[in-house]
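First up is the structure itself, then whatever we jot down about it.
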Amino acid sequence: MTGKFITLEGIEGVGKSTGMDFLRRRLQARGIDALTTREPGGTPLAEAIRSLVVEAGEETMPALCETLLMFAARAAHLANRIRPALGAGRWVLCDRFSDATYAYQGGGRGIPAERIRALHDWVHAGLDPDLTLLLDAPVAVGLARASERGGNRASDRFERERQEFFERVRAVYLDIARAEPARVCVIDAGRPQPEVQAALGAAVDRLLA
Ligand code: TMP
């Protein structure tokens, strides 16, 4: 069987890390040793770009610069990790991908969607996820969970944003899901963990069927 490409998306605090862990184990239980990776990042070069774009620095980062860095990291990740794995028949499970750029840089920062679409087409025309799992919860719920988890750790450039920013991010994610229902499966992440995991597992099993 050829490898499938699965991505996991959502705003901060919706349980993506737990979801990734669950999905990896679920696939393993089905005999699939998926490559798990993340964006921005996933290769040494892309992780170096991640540090630039996520960590807060002295200088203001224009939204255009942020958008281009997301796609620069993605180009390295695709060439050096994702495409080779899929080409070898391996499944790939990725924590965030281009939907996050439409949501964060498009919705959050106001970069026009058609600009992002042009970069999307340039960097990975013809290679989109087979399945995207969107963990969705009200922004207040996600942010409360994220701040509990954050403890005393310094917040990154995105975590410093206000609720309105994440409302715009969430709205774009939900728009994408409405526009592409065959690819994007919305999972209500406000429910108890066992129910969220049952929904994640069912979506993956449909892909296997
Ligand atoms: P993470 O905390 O889920 O690993 O992601 C790091 C941050 O990067 C997160 O706040 C969302 C942001 N991000 C974007 O703004 N655009 C993108 O395209 C991606 C992949 C992530």
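The values are calculated or read from the model by the stated rules, or taken from the named source; none is laboratory data. What you see is a predicted model; the values in this text were computed from it and never measured. Glycine gets a Cβ as well: all are built from the backbone with ideal geometry, and neighbour counts include every protein chain shown.
The single condition among (1) within 15 Å of the ligand (Cβ to nearest atom); (2) under 21 Å from Met70 (Cα atoms); (3) not in a helix (DSSP H, G or I); (4) not hydrophobic (A, V, I, L, M, F, W, C) that Arg153 does not meet is (2).
The single condition from (1) in contact with a Lys or Arg (Cβ under 9 Å, 6 or more places away or on another chain); (2) away from the ligand (no atom under 16 Å from the Cβ) that Ala29 fails is (1). Taken together, Leu52, Leu69, Leu64 contain a single residue that is within 11 Å of the ligand (Cβ to nearest atom), within 16 Å of Arg157 (Cα to Cα) and either among the polar types (S, T, N, Q) or at pLDDT 95 or above (or both), which is Leu69.
Pro112 meets all of the listed conditions (1) without any contact (Cβ under 8 Å) to a residue 60 or more places away in the chain; (2) within 15 Å of the ligand (Cβ to nearest atom) but one, namely (2).
Checking each residue in the stretch 99-112 for being buried (at least 16 other Cβ atoms within 10 Å of the Cβ) and of a type outside the set (S, T, N, Q) picks out Asp99, Ala100, Tyr102, Ala103, Tyr104, Gly106, Gly107, Gly108, Arg109, Ile111.
In the stretch 47-89, the qualifying residues are those that are of a type in the set (A, V, I, L, M) and in contact with a strand residue (DSSP E or B) (Cβ under 9 Å, 6 or more places away or on another chain), and the one that is surrounded by the most Cβ atoms within 10 Å (Cβ to Cβ) is Ile82. For the stretch 181-209, the set of residues classified as in contact (Cβ under 8 Å) with a residue 40 or more places away in the chain, out of contact with any helix residue (DSSP H, G or I) (no Cβ under 7 Å at 6 or more places or on another chain) and either part of a loop (DSSP other than H, G, I, E, B) or of a type in the set (Ser, Thr, Tyr) (or both) consists of Arg183 only. Listed by position, the helices (runs of 4 or more DSSP H) contained in the stretch 21-105 that have at least 2 residues being hydrophobic (A, V, I, L, M, F, W, C) and under 26 Å from Glu167 (Cα atoms) are 44-54, 63-77.
Among the residues of the stretch 19-30, at least one is more than 23 Å from Arg145 (Cβ to Cβ) and touching a residue at least 12 places away in the same chain (Cβ under 8 Å). Glu39 falls short on exactly one of the conditions (1) crowded, with 20+ Cβ neighbours inside 10 Å; (2) farther than 21 Å from Ala146 by Cα; (3) charged (D, E, K, R), and that condition is (2).
For the stretch 120-142, a residue qualifies if it is of a type in the set (A, V, I, L, M), in a helix (DSSP H, G or I) and within 17 Å of the chain's Cα centre (by Cα), and the qualifying residues are Val123, Val139.
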